[in-house]
Amino acid sequence: MEKRYLVGVLLLLSMAAVLIWGIPGASDRNSPPDSTADTDRTRLEEPVEAELTGSTRYDYYRQRAQALGPAPASLVGTQVDGNLRVTADGDLLINPAIRQVFDYFLTALGEESLDDIQARLAGHLAEQLPPQAAQQAWALYEQYMGLRQAMEQLPEHDGSVTAMRAAIRQRHDMQQAYLGPEVADAFYGLDMTYDRYMIERQALLENEGLSAEQRDRQLSNLEQGLPPGMQQMLHDTRAPVWLEQRTQRLREQGASDAEIRALREQTFGTQAVARFEALEQQRQDWDERYGEYRQQRQQLISSGLSHTDQQVALARLQQQLFEDKELARVQALDRINAQTR
């Protein structure tokens, strides 16, 4: 009887404690999330973030950045693309570098969560910019993400010039709507110029009413209408292919090494000639070694050795003639040659 009495007293005391001080741990669950504690990270996930609005989201992610672990593997050893700048009044200076910064951090999608990526971005903005400009950059980031999500929902076109023109106009209108004219031009101006150039170029290539001379002239005029930097980019992209084709034709016509060297210097400058010659020597060396290997390989296959002995001898031959990093290429070429016989 006395024992039951003591148990009852203890139960009453426990209930009183709950009423006075609350359920143990309840105050922790009701308190704001502690972004500095790794063990409390689950409190900082989307359900909490979704309740935030405006600048409080930036503050939330900036605080969360303090609890982040090491950067994902793809970002280790790299530097953030884009140099963020401010005006004399302390406002964010609008330029293409802002989008470069956003995209730099977003490249880690798949390696870590979007929440962690946004925390890294917010931490970077806080380090690189004064508070007012950092808030402005974060606001642009949220508009940029909204635009990206909207553009992902656009239907695919059929590849025709008419459909591609309509798609370009639609994307341009969306960029203006989400970002405003100034930011849209800074973020996408060059992309839009290049896309329009490629569409008009395709239209000229498909125009059967033009002679070859007319087409070449209009293609040249179209390219000359591009900004100088983009013209240089197109030239640099095409030049190696053009030079290779031109070099091959000159060799077939009996051109000397001095003539080939002069062409390369004229196209890329003196400093680049040594690189071309080194690559050409490497290619020639490879061709000679692979040709020798193919001959010896065929001899082994025709030797009458068992399949196992052939494989052992081929592996030994490959090790003699090639470096380890070249073996995958050799084996791939062997498979291709076997399929085409």
Please give the length that would be gained between residue 199 and residue 333 if that part of the chain were fully extended, namely 0.36 nm times their separation in residues minus their C-alpha to C-alpha distance (nm, one decimal). 44.5 nm
The percentage of the accessible area of the stretch 205-317 (probe 1.4 Å, all protein chains present) made up of carbon and sulfur atoms, to the nearest whole number, is 48 percent
Base-10 log of normalised Debye intensity for the stretch 73-218 (one unit scatterer per alpha-carbon) at q = 0.08, 0.19, 0.21 Å⁻¹: -0.32, -1.15, -1.30
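Can you give me the accessible area per residue for the stretch 224-341, using a 1.4 Å probe, in Å²?
Result: 71 Å² of accessible area for each residue.
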Normalised convex hull volume, the stretch 55-95, alpha-carbon set, Å³ per residue: 122 Å³
If we count every other residue with Cβ under 12 angstrom of residue 127's Cβ, Lys/Arg +1 and Asp/Glu -1, where does the sum land? +2
If packing is taken as the mean number of other Cβ atoms within 10 Å per residue, what is the order of 113-121, 279-287, 240-248, highest first? 113-121, 240-248, 279-287
Given N residues in the stretch 193-291, what is its alpha carbon radius of gyration divided by 2.2 N^0.38 Å? 1.39
How do the peptides 179-191, 313-325 rank, highest first, by the average count of neighbouring beta carbon atoms within 10 Å per residue? 179-191, 313-325
Please give, to one decimal in nm, the separation of the simple spin-label points placed at residue 320 and residue 284, each 7 Å out from Cα toward the Cβ. 2.5 nm
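The values are calculated or read from the model by the stated rules, or taken from the named source; none is laboratory data. These numbers were taken from a predicted model, which means no experiment stands behind them. All Cβ positions, glycine included, derive from the backbone under ideal geometry; neighbour counts span all protein chains shown. In case anyone asks, the SASA skips ligands and DNA or RNA and just uses the protein heavy atoms, side chains included. Shrake-Rupley method; radii C 1.70, N 1.55, O 1.52, S 1.80 Å.
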